Amino acid sequence: MHKDHYRLSINAGSSSIKFSLYKIKESIEQMLYGKIENIGAAKTKFHFTNNSDQQKNTLDIKAEDHNHASGYLIDWLEKQEGFDSVKAIGHRIVNGMQHTKPEIISDKLLIELKKNRAIDPEHLPEEIKLIEIFKKRYPAIKQVACFDTSFHTSMPMAAKLLSIPRRYYEMGIRRYGFHGLSYTYLMEEIQCTDGEKTARSKIVLAHLGSGASLAAVKRGKSIDTSMGFTPTSGLPMGTRSGDLDPGAVIYLIQKENRTTEEFSHIINYEAGLLGISGKSADMRELMKVENTDLHAAQAIELFCYQTKKGIGSFAAALGGLDLLVFTGGIGENSPEVRTKICEGLEFLGIKLDEIKNMNNKAVISAETGKVKVRVIKTNEELIIAKLVLEVLPYQ
């Protein structure tokens, strides 16, 4: 009889670390999960839930940076049942560049990831830190990189090309797309709940959170997505600008005499909802003051307008639309935002049942709507565990 093996999934963001511990036998069983959020802020929170009792717990902790947060998390995990049987750790790596499949993290891969840090300053440096911290504490445990970009490798060349000289494409400067682990989970869920026919139909997936993107999926494969070379592109986000006119970038760098590092900070950490509102990157906070704060209302309007435009353009790319799926912190939890996005898309066959929508039901479209609209809670950590199992099968 095999001894139980465990896998740890790590999903690091710019100010958060999500984690899940899974027991691996004939199936994958989640044992506990949680996240550390607001790393570096005055009020860092540690949330965790043990599946044995489903009790949600929250602690206030001190975590000045990811090093402190990681140390706290590892010390806590060491006290949890099953952690001493962890055989592999899977990490979400946002930008895989030319890597299309999950792979064991070698010294060579780590060096390559470090060279790419400038491409994704919001995620990759913290992901690398966590890999190195776990490697130092547990050198015998294998770690696996699971790439967010893998889902979009099926995109046609027209969707991958940037309109710049061809030599840059050969250097790897192309549209990659992101949120791939989330989209992989959504497609698996659609297959389970709606069946093969729906999973192979014309689908727009909307991952709307502090990072936000859309994906157009046809016959089960990504044919286009809103993010391109970096996760800064596409829709406006919590603190990221989304698409910008290149001329505006050049003008502002010259006008304000900015370095590239300074401008990178502006478009990654000072823009989006935060930049437009001047108040907050959190959609929940902006919704509270929407009726009294003009700039907050404009930030919400811009986010919903650009998302609506994106859905319309992807319906054109797909040649129609059968299913629209909302996920992510905003997509899953904000009926008001979903309403604003879907208003005016009746010509595509999108019509919401507002009672179902306000109650966050799994299906929120009206019976008379031609397009089914679903809300699915994403689970990137489960996909990470499954991908790790592909690379390092249970033995």
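The values are calculated or read from the model by the stated rules, or taken from the named source; none is laboratory data. A quick note: this is a predicted structure, and the numbers were derived from the prediction, not measured. Positions of Cβ are backbone-derived with ideal geometry, glycine not excepted, and every protein chain shown enters the neighbour counts. For the accessible areas, the whole protein counts, side chains as well, though only heavy atoms, and no ligand, DNA or RNA atoms are used. Shrake-Rupley method; radii C 1.70, N 1.55, O 1.52, S 1.80 Å.
Of all beta bridges that DSSP places with both ends in the chain, some 70 percent have antiparallel geometry. In the context of the full protein assembly, F48 retains an accessible surface of approximately 40 Å², using a probe radius of 1.4 Å and ignoring ligands and nucleic acids. Solvent exposure of the stretch 17-120, expressed per residue, is 54 Å² of accessible area, with all protein chains present and a 1.4 angstrom probe. Count the DSSP beta bridges whose two residues both fall in the stretch 28-147, then state the antiparallel fraction as a percent rounded to the nearest 5. Expressed as a percentage, antiparallel bridges in the stretch 28-147 total about 70. A Förster distance of 25 Å, applied to the separation of the beta-carbon atoms of I253 and A118, puts the FRET efficiency at 0.95. Relative contact order, whole percent, for the chain stands at 14, derived from Cα pairs under 8 Å and 6 or more residues apart. The distance linking the stretch 311-337 with the stretch 86-114 is 30 Å (Cα centroid to Cα centroid, whole angstrom). When the pairs K62/K361; K114/K136; K45/K372; K87/K129 are compared against a 27 Å limit on Cα-Cα distance, K62/K361; K45/K372 fall above it.
Membrane-span-like helices in the chain: DSSP H runs reaching 15 Å or more (Cα, own axis), mean Kyte hydropathy at least 1.0?
Numbers: long enough: 66-77 (16 Å, -0.24); 124-137 (20 Å, -0.31); 180-194 (20 Å, -0.18); 294-318 (36 Å, 0.57); 380-391 (17 Å, 1.35).
Membrane-span-like by this criterion, though nothing is claimed about a membrane: 380-391.
With no solvent and one equal point scatterer per Cα, compute the Debye intensity ratio I(q)/I(0) for the stretch 225-306 at 0.17, 0.21 Å⁻¹ and report its log10, rounded to two decimals. Result of the Debye calculation: -0.68, -0.94. Computed over protein heavy atoms with a 1.4 Å probe, the carbon and sulfur contribution to the accessible area of the chain reaches 51%. Based on alpha carbons, the Rg and Dmax found for the stretch 1-118 are 15.7, 48 Å. Largest to smallest in accessible area, the residues Y138, Y72 fall in the order Y72, Y138 (1.4 Å probe, all protein chains included).
Rounded to the nearest 500, the 222 nm mean residue ellipticity of the chain from helices alone is -11000 deg cm²/dmol, with -39,500 (n - 2.57) taken per DSSP H run of at least 4 residues. With the largest listed first and rounded to whole Å, the semi-axes of the equivalent ellipsoid of the stretch 111-258 from the Cα gyration tensor are 27, 24, 15. Pairs exceeding a 27 Å alpha-carbon distance, out of K197/K340; K309/K377; K35/K351; K79/K142; K160/K202: K197/K340; K35/K351.
Relative to the present Cα-Cα distance, how much length would full extension add between A362 and S163 at 0.36 nm per residue of separation?
Between A362 and S163, full extension yields an extra 67.7 nm.
Centre-to-centre separation between the Cα atoms of the stretch 166-221 and those of the stretch 43-77: 31 Å. Calculate, in whole percent, how much of the Cα-Cα pair population of the chain lies beyond 41 Å. Everything past 41 Å amounts to 12 percent.
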